[in-house]
Amino acid sequence: MGLTIHYQLSTQSDWTEEEVFARWEIIGDYARHLGCDNVGDVLPAHKRQDVTDKLHRIGRGLDVRWVAIHARVGWILPIEIGKGCEPFMLALCRYPGRWQCQHGHSMKRWHPTKISADWQFSWFCKTQFAGQFGLAHFLRCHKTVISLLDFCRKAGLDVTVQDESDFWEDRNEQRLIKSIQQNEALMAAFGGLIKDTVEKKRGHKVHSPIFDYHNFEHLEHEGRRRFGKMFTALMDVDLRNEI
């Protein structure tokens with residue numbers, strides 16, 4: 001929950017590993033130019049399998065499970081955009097066309113992964129909670145992520161973006177401001193409702209970055225004013241058995 005930029009990077013160009021590495025080095029320099037809090041070293045994909053692994057679904061019905069497919073080759077560039085903003089990850093990886101599964105004690109079988117052989121990467125970056133440090137800071141973080149994705153396109157990558165604020169598509173700063181303000185109010189009202197209910201009825205503490213905002217109470221009040229009808233039913237529900 002919260003404004004997030006989802007993105008996919010790919011290229012059908014037959015780049016070598018060295019060419020991919022060089023592009024991330026250049027884009028890393030650009031990120032430093034933009035004033036990002038920290039730009040990490042370009043790392044081989046296996047150093048960050050938590051980010052570069054692809055999940056592959058196998059089985060049917062109740063026997064479905066997910067298998068992590070490790071990148072065969074690839075490079076990843078981790079970037080800290082600013083306080084409150086999730087880390088922004090840039091990578092290009094190639095994945096195996098098949099994976100090996102153990103059957104029984106000795107037999108192994110190969111299964112297709114159905115992953116294309118192109119360089120590719122999919123990830124997301126939540127910018128929502130950069131708003132804790134002020135509107136100007138949020139705008140800088142969100143627009144920096146967009147600028148980096150723009151630069152990836154200039155560097156020859158195919159870039160597909162789903163920006164929940166629509167800023168990627170329209171570059172309308174006023175709509176972006178309206179979107180973050182609306183989301184902050186909504187999250188404060190909903191988070192406050194859940195927090196009050198759970199702590200009162202179950203005695204458990206509820207944590208969320210939205211509670212750390214210096215103007216949380218104002219945001220909560222504004223959210224209930226704007227979205228009160230949405231919460232009316234929730235306020236009357238006994239969550240004792242649902243949480």
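The values are calculated or read from the model by the stated rules, or taken from the named source; none is laboratory data. Here the structure is a predicted model, which is why all the values come from computation and not from measurement. Here Cβ is always computed from backbone atoms with ideal geometry, including for glycine, and neighbour counts include all displayed protein chains.
Restricting attention to the stretch 71-87, the residues that are out of contact with any helix residue (DSSP H, G or I) (no Cβ under 6 Å at 6 or more places or on another chain) and either over 30 Å from Gly131 (Cα atoms) or surrounded by 23 or more Cβ atoms within 10 Å (Cβ to Cβ) (or both) total 1. Applying a threshold of 7 Å to beta carbon distances and a minimum spacing of six or more residues, or different chains, the list of pairs starting in the stretch 134-155 at a residue that is more than 18 Å from Arg23 (Cα to Cα) and ending at one that is part of a helix (DSSP H, G or I) and aromatic (Phe, Trp, Tyr) reads His142/Phe167.
Mind listing just one residue for me: the one in the stretch 122-149 that is aromatic (Phe, Trp, Tyr) and closer than 12 Å to Phe88 by Cβ and, of those, surrounded by the fewest Cβ atoms within 10 Å (Cβ to Cβ)?
In this case the residue turns out to be Phe124.
Checking each residue in the stretch 160-184 for being touching a Lys or Arg at 6+ places or on another chain (Cβ under 9 Å) and of a type in the set (Phe, Trp, Tyr) picks out only Phe167. State which residue is modelled with the lowest pLDDT when the search covers only the stretch 86-125 and only residues that are part of a loop (DSSP other than H, G, I, E, B) and over 29 Å from Gly156 (Cβ atoms). Looking at residues that are part of a loop (DSSP other than H, G, I, E, B) and over 29 Å from Gly156 (Cβ atoms), I get Gly104. Considering the stretch 161-243, the qualifying helices (runs of 4 or more DSSP H), each wholly inside and each with 2 or more residues that are modelled with pLDDT under 85 and not aromatic (Phe, Trp, Tyr), run over 173-201, 216-235.
Set side by side, the residues Gln181, Gln162 differ, and just one is in the same structural domain as Glu220 (by TED's automatic domain parsing) and in contact with a helix residue (DSSP H, G or I) (Cβ under 9 Å, 6 or more places away or on another chain), which is Gln181.
Okay, residues lined up against (1) surrounded by 20 or more Cβ atoms within 10 Å (Cβ to Cβ); (2) within 14 Å of Phe121 (Cβ to Cβ); (3) among the hydroxyl-bearing types (Ser, Thr, Tyr):
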site: Thr4; (1), (2), (3): no, no, yes
site: Tyr7; (1), (2), (3): yes, yes, yes
site: Thr11; (1), (2), (3): no, yes, yes
site: Glu19; (1), (2), (3): no, no, no
site: Ile27; (1), (2), (3): yes, yes, no
site: Leu34; (1), (2), (3): no, no, no
site: Asn38; (1), (2), (3): no, no, no
site: Asp41; (1), (2), (3): no, no, no
site: Ala45; (1), (2), (3): yes, yes, no
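Closer than 28 Å to Ala130 by Cβ and assigned to a helix (DSSP H, G or I) - does that describe any residue in the stretch 51-67? So far as the stretch 51-67 goes, yes, one or more of its residues are closer than 28 Å to Ala130 by Cβ and assigned to a helix (DSSP H, G or I).
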